[in-house]
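Visitor: Below you'll find the structure I mean.
The values are calculated or read from the model by the stated rules, or taken from the named source; none is laboratory data. None of the values given here were measured: they were computed from a predicted structure. All Cβ positions, even for glycine, are placed from backbone atoms using ideal geometry, and neighbour counts span all protein chains on display. Areas reflect the complete protein model, heavy atoms only, side chains present, ligands, DNA and RNA absent. Shrake-Rupley method; radii C 1.70, N 1.55, O 1.52, S 1.80 Å.
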Amino acid sequence: MKSLMIDGMMTRRLLLQGAGAAALVAALGLPAFAKPKPIAVALVTSVPIEQQWISRLHLALKAAEARGDVTYVYSENVANTDAERVIREYAEAKKDLIIAEAFGLERAARKVAEDYPDIAFLMGSSFPEQAPNFSVFDNYIQDASYLTGIVAGKETKSNVIGMVGGYAIPEVNRLMQAFMAGVLSVNPDAKFLVSFINSWYDPPKAKETAFAMIEKGADVMYAERFGVSDAAKEKGVKAIGNVIDTSEQYPGTVIASALWHMEPSIDKAINAVVTDSFKAESYGPLSHMAAGGCSLAPLDPKLVPQDVIDLVKAKEAEIKSGAFTVAINDEEPKSTL
């Protein structure tokens, strides 16, 4: 009888403790299944961490690391042929969240995600998400690209604008198309020279391509790739930056830049992992200006006339309020000169 009484008291105590813990969790607004921070995150990239696209991921992850939300490791310059192995090793190491560019290794990345359904995968991809754990993101920063086009359209004197891109894929095309639309909205006489270097990181090739366009009369260059602004600087023409702000590296040359902010996407993914609510979905909309996923670098009145700055700010306000929507056009842009 004494043993039964003791067992009953212990059971009751455990139930009370459980109820107390549940009450505490509820009071703190946390789900009972919350994962403690920091969570383990790994990033896999095929190019240097300094590359425009990847640097935005790295910056957002470093910010999360500084807050104590994540422990963060990365592997850069990973060949597509070796990426599946690297991603799989991170999965085997039980990382909570794995982030990578899926583009060149789409099938391999999705296969690894299938093999590890309990791990969250957030991948740069032009294709849809894959249930249950493969979410996708993309650089939908067409809003900011359109605004830089307004600056370029007002800046050009020759009405010839050169554009050098990496690959003619949706991620590049939509930004170039938005830029061109912004140019034409204020300068319908403008013409474009468009070329792709078929590389994500080949500054010398991008520079030579830009030189050829400048020789054909381009006095404003759209620098989708590294190397273009170097050519613009050497030839004394203006450049428009993409994804990152390089105005300090090219003072007087880069007059406007569309900036990508991956913090909204990274923070959402971290929170979803922590609350055990991560699911396959598209993070693309989080790159829109209204979501804080992109912005225009501050315009310098010494380089851009105040009336143009005012014009850009007015259009920016329309975009943020929803009064104006920048079209998403993933078709390959073509030269019009």
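Visitor: For the stretch 109-210, report the convex hull volume of the alpha-carbon atoms normalised per residue, in Å³, without decimals.
Guide: About 111 Å³ per residue, rounded to a whole number.
Visitor: I would also like to ask the following. Would you please classify the overall shape of the stretch 36-78 from the alpha carbon gyration tensor, given that a ≥ b ≥ c denote the square roots of the eigenvalues, rounded means a/c under 1.5, and beyond that prolate means a/b larger than b/c while oblate covers the rest?
Guide: Note, shape of the stretch 36-78 comes out oblate.
Visitor: Peptides 102-112, 263-273, 160-170: what's the order by average Cβ count within 10 Å, highest mean first?
Guide: Result, highest mean Cβ count within 10 Å first: 160-170, 263-273, 102-112.
Visitor: Any idea which of Ile49, Ala258, Thr275 is furthest toward the positive side of the dipole for the chain, if Lys and Arg beta-carbons carry +1 and Asp and Glu beta-carbons -1?
Guide: Thr275
Visitor: Lys and Arg at +1, Asp and Glu at -1: add these up for the other residues within a Cβ distance under 11 Å of Lys235 and post the number.
Guide: Result for the neighbourhood of Lys235: -1.
Visitor: Could you work out [θ]222 nm for the chain from helices alone, using -39500 (n - 2.57) per DSSP H run of at least four and dividing by all its residues? Round to the nearest 500 deg cm²/dmol.
Guide: Value at 222 nm, helices only, nearest 500: -14000 deg cm²/dmol.
Visitor: Something else now. Convex hull over the alpha-carbon atoms of the stretch 273-337: what's its volume per residue in Å³?
Guide: 173 Å³
Visitor: Roughly speaking, what is the centre-to-centre gap between the stretch 295-329 and the stretch 27-102 when only Cα atoms are used, to the nearest Å?
Guide: Using only Cα atoms to place each centre, the spacing works out to 33 Å.
Visitor: Quick check for me: using +1 on Lys/Arg Cβ and -1 on Asp/Glu Cβ, what's the dipole size of the stretch 91-233 about its Cα centre, in debye to the nearest 20?
Guide: Once rounded to the nearest 20, the dipole reads 420 debye.
Visitor: For the stretch 161-236, divide the Cα radius of gyration by the Kirkwood radius and give the resulting Rg/Rh value with two decimals.
Guide: With Rh from the inverse mean 1/r over Cα pairs, Rg/Rh is 0.95.
Visitor: Report the calculated FRET efficiency for Lys157 and Ala34 (r = Cβ-Cβ distance, R0 = 56 Å), to the nearest 0.05.
Guide: That pair, Lys157 with Ala34, gives E of 0.45.
Visitor: Further question on the same structure: Computed over the Cα atoms of the stretch 240-283, what is the ratio Rg over Rh, Rh following Kirkwood?
Guide: On the Cα set of the stretch 240-283, Rg over Rh gives 1.28.
Visitor: Explain nothing, just the number: dipole magnitude of the chain about its Cα centre with +1 on each Lys and Arg Cβ and -1 on each Asp and Glu Cβ, in debye rounded to the nearest 20.
Guide: Rounded to the nearest 20 debye, it is 640 debye.
Visitor: Using alpha carbons only, how many degrees (0 to 90, rounded to 10) separate the axis of helix 142-155 from the longest principal axis of the chain?
Guide: So the helix axis and the longest Cα principal axis differ by about 20 degrees.
Visitor: Continuing with the same structure: In degrees from 0 to 90, rounded to the nearest 10, what is the angle of the helix 170-186 Cα long axis to the longest principal axis of the chain?
Guide: Taking the Cα atoms of the chain, the angle to 170-186 is about 50 degrees.
Visitor: Another one. Rounding to the nearest 10 and keeping the result within 0 to 90°, find how far the Cα-based axis of helix 2-28 lies from the longest principal axis of the chain.
Guide: 20 degrees
Visitor: Oh, and also: Expressed as a whole percentage, what fraction of the accessible surface of the chain belongs to carbon and sulfur atoms when a 1.4 Å probe is rolled over the protein heavy atoms?
Guide: Here carbon and sulfur together make up 55 percent of the probe-accessible area.
Visitor: Averaged per residue, what accessible area in Å² does the chain show with a 1.4 Å probe, protein chains only?
Guide: 46 Å²
Visitor: Which one, Pro128, Ala239, Val228, projects farthest toward the positive side of the charge dipole computed for the chain from Cβ point charges (K/R +1, D/E -1)?
Guide: Pro128
Visitor: A further question on this structure: Lys154: which lysines have alpha carbons under 30 Å from its alpha carbon, excluding same-chain residues fewer than 8 sequence positions away?
Guide: Output for Lys154: Lys191, Lys205, Lys207, Lys216, Lys233, Lys235, Lys238, Lys302, Lys313, Lys315, Lys320, Lys334.
Visitor: Can you give the extra length, in nm with one decimal, that the chain gains between Asn271 and Lys191 once fully stretched, where that is 0.36 nm per residue apart less the Cα-Cα distance?
Guide: 24.3 nm is the gain from fully extending Asn271 to Lys191.
Visitor: If you place +1 on the Cβ of every Lys and Arg and -1 on the Cβ of every Asp and Glu, how big does the dipole about the Cα centre of the stretch 113-188 come out, in debye to the nearest 20?
Guide: In debye, rounded to 20, the stretch 113-188 gives about 680.
Visitor: Over every pair of different alpha-carbon atoms in the stretch 217-337, take the mean of 1/r and invert it; report that Kirkwood radius in Å.
Guide: Taking every pair of different Cα atoms in the stretch 217-337, averaging 1/r and inverting gives 16.7 Å.
Visitor: Quick check: pseudo-label points 7 Å beyond the Cα along Cα→Cβ at Ala93 and Gln249, how many nm apart are they?
Guide: According to this spin-label approximation, the distance is 2.7 nm.
Visitor: Something else: Rg and Dmax of the chain, Cα atoms, in Å?
Guide: Looking at the chain, its Cα Rg and Dmax stand at 24.2, 99 Å.
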